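Take a look at the structure below.
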Amino acid sequence: MKNIVLFASGSGSNVENIAHYFKSNPDVTISAVLSNKKDAMVLERCNRLNISSLYFNRSSFYEKDLVRKILRTLNPDLIVLAGFLWKMPRNLIQDFPDKIINIHPALLPKYGGKGMYGNRVHQAVKENREVETGITIHFVNENYDEGAIIYQAKTTISPEDTVQSIASRVQALEYKYFPKIIEKLLNEG
Ligand code: GAR
């Protein structure tokens, strides 16, 4: 049995999609979803989906090592950041080498870094008249959106595209590929 822990700060639509993907797979379980936002929609989703979830604050993450202790207990095969916007602490990355992955809604190394999330990314992509965008799934290191790239998928952009239409195509790529890449990494690990 493989177990994964997810981190999310927002709506949690990727969390729900991943949960749905693995629902009928007896070999993979989501042991917990951890969130740094008390009122994040992802926590409501977890209640509805019957997935254990936990809120943590800044000091339990960066100072008191509480999240690290929880992770050591859960001993996940993979830690998946699905819309999680805080930097991972160094000691946590050291505890789980090559076991923490993130998804970013652009083709890194472009359009990454602090403050680059959600529609801000798509807005910047549109303003720069990019002809393509996509998703990047990568290992997490101590800098935002910088670890080794595992997988990218692309979509083309036309001048008629809006931020919303770009967002929904990128989201479709996330839903299609993120669970499959998670499954592949679990099978390899
Ligand atoms: C996703 O689009 C993900 O790529 C992005 O947050 C969104 C979460 O959506 N992550 C980042 O921007 C990380 N820098 P969701 O809460 O609906 O799954």
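Just to be sure before I move on: is Val170 modelled with pLDDT of 95 or more and open to solvent by less than 30 Å² (accessible area, probe 1.4 Å) in the structure I sent?
So Val170 passes the test.
Identify, by number, the condition in (1) within 15 Å of the chain's Cα centre (by Cα); (2) not in a strand (DSSP E or B) that Val5 doesn't meet.
(2)
Looking at (1) among the aliphatic types (A, V, I, L, M); (2) closer than 20 Å to Asn25 by Cβ; (3) open to solvent by less than 20 Å² (accessible area, probe 1.4 Å), find the lone condition where Leu185 falls short.
Against the list (1) among the aliphatic types (A, V, I, L, M); (2) closer than 20 Å to Asn25 by Cβ; (3) open to solvent by less than 20 Å² (accessible area, probe 1.4 Å), Leu185 comes up short only on (3).
I'd like the full set of residues that are open to solvent by 20 Å² or more (accessible area, probe 1.4 Å) and in a loop (DSSP other than H, G, I, E, B), limited to the stretch 41-79.
In the first step, residues of the stretch 41-79 are kept if they are open to solvent by 20 Å² or more (accessible area, probe 1.4 Å); the result is 41, 43-45, 47-55, 57-59, 62-66, 68-70, 72-75, 77.
Answer for the stretch 41-79, where residues must be open to solvent by 20 Å² or more (accessible area, probe 1.4 Å) and in a loop (DSSP other than H, G, I, E, B): Asn50, Ile51, Ser52, Asn57, Glu63, Lys64, Asp65, Asn75, Asp77.
Does any residue of the stretch 17-25 turn out to be surrounded by 20 or more Cβ atoms within 10 Å (Cβ to Cβ), closer than 26 Å to Lys154 by Cβ, touching a residue at least 60 places away in the same chain (Cβ under 8 Å) and within 10 Å of the ligand (Cβ to nearest atom)?
Scanning the stretch 17-25 turns up at least one residue that is surrounded by 20 or more Cβ atoms within 10 Å (Cβ to Cβ), closer than 26 Å to Lys154 by Cβ, touching a residue at least 60 places away in the same chain (Cβ under 8 Å) and within 10 Å of the ligand (Cβ to nearest atom).
What is the one condition in (1) of a type outside the set (Gly, Ala, Ser); (2) open to solvent by 70 Å² or more (accessible area, probe 1.4 Å); (3) farther than 20 Å from Ser13 by Cβ that Arg120 does not satisfy?
The failed condition is (3).
Among the residues of the stretch 135-163, count how many are under 21 Å from Leu85 (Cβ atoms) and either β-branched (Val, Ile, Thr) or in a helix (DSSP H, G or I) (or both).
Residues meeting the conditions: 7.
Can you name every residue in the stretch 149-167 that is away from the ligand (no atom under 16 Å from the Cβ) and surrounded by fewer than 13 Cβ atoms within 10 Å (Cβ to Cβ)?
Thr156, Ser158, Pro159, Glu160, Thr162, listed by residue number.
So which residues in the stretch 41-60 are within 12 Å of Leu6 (Cβ to Cβ), polar (S, T, N, Q) and either within 16 Å of the ligand (Cβ to nearest atom) or within 16 Å of the chain's Cα centre (by Cα) (or both), if there are any at all?
Result: Ser53, single match.
Would you say Lys110 is farther than 24 Å from Asn17 by Cα, modelled with pLDDT of 95 or more and open to solvent by 20 Å² or more (accessible area, probe 1.4 Å)?
On the way: farther than 24 Å from Asn17 by Cα: yes; modelled with pLDDT of 95 or more: yes; open to solvent by 20 Å² or more (accessible area, probe 1.4 Å): yes.
Here the answer is yes, as Lys110 does meet what is asked.
Output the number of residues of the stretch 80-111 satisfying the condition of being in a loop (DSSP other than H, G, I, E, B), within 15 Å of the chain's Cα centre (by Cα) and more than 12 Å from Ile182 (Cβ to Cβ).
To start, the set of residues in the stretch 80-111 that are in a loop (DSSP other than H, G, I, E, B) comprises 82-89, 96-99, 105-111.
Subset that is within 15 Å of the chain's Cα centre (by Cα): 82-88, 98-99, 105-108.
Then keep just the ones that are more than 12 Å from Ile182 (Cβ to Cβ); that gives 83-88, 98, 105-108.
Counting residues in the stretch 80-111 that are in a loop (DSSP other than H, G, I, E, B), within 15 Å of the chain's Cα centre (by Cα) and more than 12 Å from Ile182 (Cβ to Cβ) gives 11.
Please identify the pairs in which a residue from the stretch 104-131 that is among the acidic types (Asp, Glu) has its Cβ atom under 7 Å from the Cβ atom of a residue that is modelled with pLDDT of 95 or more and part of a loop (DSSP other than H, G, I, E, B), counting only partners at least 6 apart or on another chain.
Between residues of the stretch 104-131 that are among the acidic types (Asp, Glu) and residues that are modelled with pLDDT of 95 or more and part of a loop (DSSP other than H, G, I, E, B), the close pairs are Glu130/Ile157.
The values are calculated or read from the model by the stated rules, or taken from the named source; none is laboratory data. As the structure is a computational prediction, the values presented were derived from the model and not from experiment. Backbone-built Cβ (ideal geometry, glycine too); neighbour counts: all protein chains shown. Note: areas computed on protein heavy atoms with side chains; ligands, DNA, RNA excluded. Shrake-Rupley method; radii C 1.70, N 1.55, O 1.52, S 1.80 Å.
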